[in-house]
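Take a look at the structure set out below.
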Ligand SMILES: [Ca+2]
Ligand SMILES: [Ca+2]
Ligand SMILES: [Ca+2]
């Protein structure tokens, strides 16, 4: 580091009298012990309180400390308190810990006496404070309702523990980023169910912008594929994409090569993974809790066409599309849980290039063909996402190869058999209707949901968390932050490494991922967010620069608007206040404002 910065930083602290390491003798609590007569029948009491002395004229810090201890001593004598210890927090503010054997009534009496003392400005509970809930209250997250077998809930969003190695630790990212409503994430898919109570329109307090429908009329001019009675239109509601034998018979040309099947509600499933309403006590949590979702319908019955997808990509990213009003909410991120085998086409690549130049992050699933990455996942500039089993190996169905940028959980069942639950399904929102929409529900171990379609939205959601922290990130920076922060792939000794795959080859099942076949590693939401957060870079710089004040090791935490690290050896904090944007130092003598973070970020090279 630049020695000038080091000097500046030390000088700033020295000037404030904070430079010296704490004297252990001074750091000890000044103890005032009086008699303790416990009553065993009284209820337990709150043993920690904060006593604030009245203000006094400014005096030297060392004198103030002695003086405040003398003041406290006299307060203690006057109030004849049964006290375990006073511990100074600042010259005026002291932590008061009552002896644990005291009864509640004894504590009440002591507090009343304290509050009447002429030296005392305030006595208040020393509240226990927890960092803001990183565990969402959505019941499906912890799995309170949705599983009949081994409860794993939204395992893929939790910290990776035990054999669940591929979990992305969104839970660890949420204290630092829950997304931002200024970020728009487009979902090019089958449309969406605007009324799903865990999604809803932004106008109703939900996540979904109006969007657009780019499923064009059939080649014969009919609407068997669009299923909404027209071609392109401004309503991307998902009417269902079911196909039955009668439809195949009545539309042999439009639906040639298609299979019968129930409605998939695929766009609702991918959208909810990215941004289900979260912390709403209902259903599931999304990866991103704040971004707005832009539904762009490009898939109808039996899929869609590249021309419609290109139109949808252009519109989603704010590029003009012939005959369609410009998108008033251009997307910063686009999720494509779709693809076709074969190379990236000219029109796809040209569109992706235009979007990349505009700063739009494009994420696509690798495909479920067990072979080469599909298009547009294999287009240059796309963040292609492969699928992992819960243990971190490549899940059998996932496509793979050098175009994959990163891998994330794709879901896997373990227990496959009639009526058996799919243990590591990727739970998300869906609908129970087999044709038209019916009851809004969630996927579960019994209504399972697997595929690289559900790995890509986890990456798109993490990209939203990154842009919330640092809106100036380019698509290349988002990609590198996700790749460089990834967890390494595990090795299961019983499995082969994933081989190289040539276009057209298939049927490569579960295998040990290698960098190059499944991307840079396993998605790690927390580490990715930390990587793009200038505050994290600044804290690390401070620890490298002034290790005797800020010894490396503590993890960052957030509390209200504060983002901080706590140094237990010295009982000090280095913090950044979100509201003022200032860097703060909290030591035994209180809070010191070290100035605007912009200056510190510039000095530390952390912009
Ligand atoms: Ca239509
Ligand atoms: Ca429509
Ligand atoms: Ca929810």
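The values are calculated or read from the model by the stated rules, or taken from the named source; none is laboratory data. Since we're looking at a predicted model, the values are computed, not measured. As a convention, Cβ positions derive from the backbone with ideal geometry for all residues, glycine included, and neighbour counts pool all protein chains shown.
Only one entry in 310, 215 is in contact with a helix residue (DSSP H, G or I) (Cβ under 8 Å, 6 or more places away or on another chain), within 16 Å of ligand 1 (Cβ to nearest atom) and on the phi < 0 side of the Ramachandran plot, namely 215. Residues being within 16 Å of ligand 1 (Cβ to nearest atom), farther than 22 Å from residue 451 by Cα, crowded, with 20+ Cβ neighbours inside 10 Å and within 31 Å of the chain's Cα centre (by Cα) are represented in the range 195-212 by at least one member. Scanning the range 250-285 for residues that are farther than 20 Å from residue 436 by Cα and either part of a helix (DSSP H, G or I) or free of Cβ contacts under 8 Å to residues at least 24 places away in the same chain (or both) yields 252, 256, 273, 274, 275. Can you say whether residue 334 is crowded, with 24+ Cβ neighbours inside 10 Å, over 21 Å from residue 441 (Cα atoms) and away from ligand 1 (no atom under 15 Å from the Cβ), as far as the supplied structure shows? Here the answer is yes, as residue 334 does meet what is asked.
Scanning the range 310-335 for residues that are within 16 Å of ligand 2 (Cβ to nearest atom) and either in a strand (DSSP E or B) or within 19 Å of residue 265 (Cβ to Cβ) (or both) returns 312, 321, 324. Any residue that is within 16 Å of ligand 2 (Cβ to nearest atom) and surrounded by 24 or more Cβ atoms within 10 Å (Cβ to Cβ) - is there at least one of those in the range 282-295? For the range 282-295, residues within 16 Å of ligand 2 (Cβ to nearest atom) and surrounded by 24 or more Cβ atoms within 10 Å (Cβ to Cβ): present. For the range 174-192, give me each residue that is within 24 Å of residue 365 (Cβ to Cβ) and away from ligand 3 (no atom under 16 Å from the Cβ). Once the filter is applied, which keeps residues that are within 24 Å of residue 365 (Cβ to Cβ) and away from ligand 3 (no atom under 16 Å from the Cβ), the range 174-192 yields 177, 183, 184, 185, 186, 187, 188, 189, 190, 191.
The set of residues from the range 356-373 being free of Cβ contacts under 8 Å to residues at least 60 places away in the same chain and surrounded by fewer than 24 Cβ atoms within 10 Å (Cβ to Cβ) comprises 357, 358. Condition test on residue 245, is it away from ligand 3 (no atom under 16 Å from the Cβ), surrounded by fewer than 17 Cβ atoms within 10 Å (Cβ to Cβ) and under 39 Å from the mean Cα position of the chain (by Cα)? In short, no. Just one of the listed residues (411, 396) is closer than 17 Å to residue 273 by Cα and touching a residue at least 40 places away in the same chain (Cβ under 8 Å), namely 411. Taking the listed residues 606, 518, the one that is assigned to a loop (DSSP other than H, G, I, E, B), under 24 Å from the mean Cα position of the chain (by Cα), modelled with pLDDT under 85 and closer than 29 Å to residue 168 by Cα is 606, with no other qualifying.
For the range 171-192, filtering for residues that are at positive phi and away from ligand 2 (no atom under 16 Å from the Cβ) leaves 1. Every condition in (1) touching a strand residue (DSSP E or B) at 6+ places or on another chain (Cβ under 6 Å); (2) over 23 Å from residue 381 (Cβ atoms); (3) crowded, with 22+ Cβ neighbours inside 10 Å is met by residue 445 except one, and the failing one is (1).
Yes or no, residue by residue, for (1) out of contact with any strand residue (DSSP E or B) (no Cβ under 6 Å at 6 or more places or on another chain); (2) more than 23 Å from residue 262 (Cα to Cα):
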site	(1), (2)
382	no, yes
389	no, yes
395	no, yes
401	no, yes
412	no, no
424	no, no
451	yes, no
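Of the strands (runs of 3 or more DSSP E) lying entirely inside the range 344-458, those carrying at least 1 residues that are at pLDDT 95 or above and farther than 26 Å from residue 265 by Cβ are 404-409. Condition check: surrounded by 17 or more Cβ atoms within 10 Å (Cβ to Cβ) and within 30 Å of residue 69 (Cα to Cα). Does residue 558 satisfy that? No; evaluated as a whole, the condition is false for this residue. Scanning the range 216-242 for residues that are closer than 26 Å to residue 442 by Cβ and either part of a loop (DSSP other than H, G, I, E, B) or more than 9 Å from ligand 2 (Cβ to nearest atom) (or both) turns up 227, 228, 235, 236, 238, 239, 240, 241, 242. Here's a check for you: in the range 580-603, which residue that is within 25 Å of the chain's Cα centre (by Cα) and at negative phi is surrounded by the most Cβ atoms within 10 Å (Cβ to Cβ)? By that ranking, first place goes to 583.
The set of residues in the range 197-215 being more than 9 Å from ligand 2 (Cβ to nearest atom) and assigned to a loop (DSSP other than H, G, I, E, B) consists of 197, 198, 199, 200, 205, 206, 207, 209, 210, 211, 214. Annotation note: of 127, 146, the sole residue that is modelled with pLDDT under 80, buried (at least 16 other Cβ atoms within 10 Å of the Cβ) and either within 14 Å of residue 72 (Cα to Cα) or away from ligand 2 (no atom under 16 Å from the Cβ) (or both) is 146.
Tally up the residues in the range 225-235 that are crowded, with 19+ Cβ neighbours inside 10 Å and either closer than 14 Å to residue 305 by Cβ or within 16 Å of ligand 3 (Cβ to nearest atom) (or both), please. Residues in the range 225-235 being crowded, with 19+ Cβ neighbours inside 10 Å and either closer than 14 Å to residue 305 by Cβ or within 16 Å of ligand 3 (Cβ to nearest atom) (or both): 3 in total. Kindly evaluate residue 586 against the criterion of being part of a strand (DSSP E or B), modelled with pLDDT under 90 and touching a strand residue (DSSP E or B) at 6+ places or on another chain (Cβ under 8 Å). Yes. Annotation note: of 259, 238, the sole residue that is buried (at least 24 other Cβ atoms within 10 Å of the Cβ) and under 22 Å from residue 450 (Cβ atoms) is 238. When 286, 281, 257, 275 are screened for being modelled with pLDDT under 95 and within 16 Å of ligand 3 (Cβ to nearest atom), only 281 passes.
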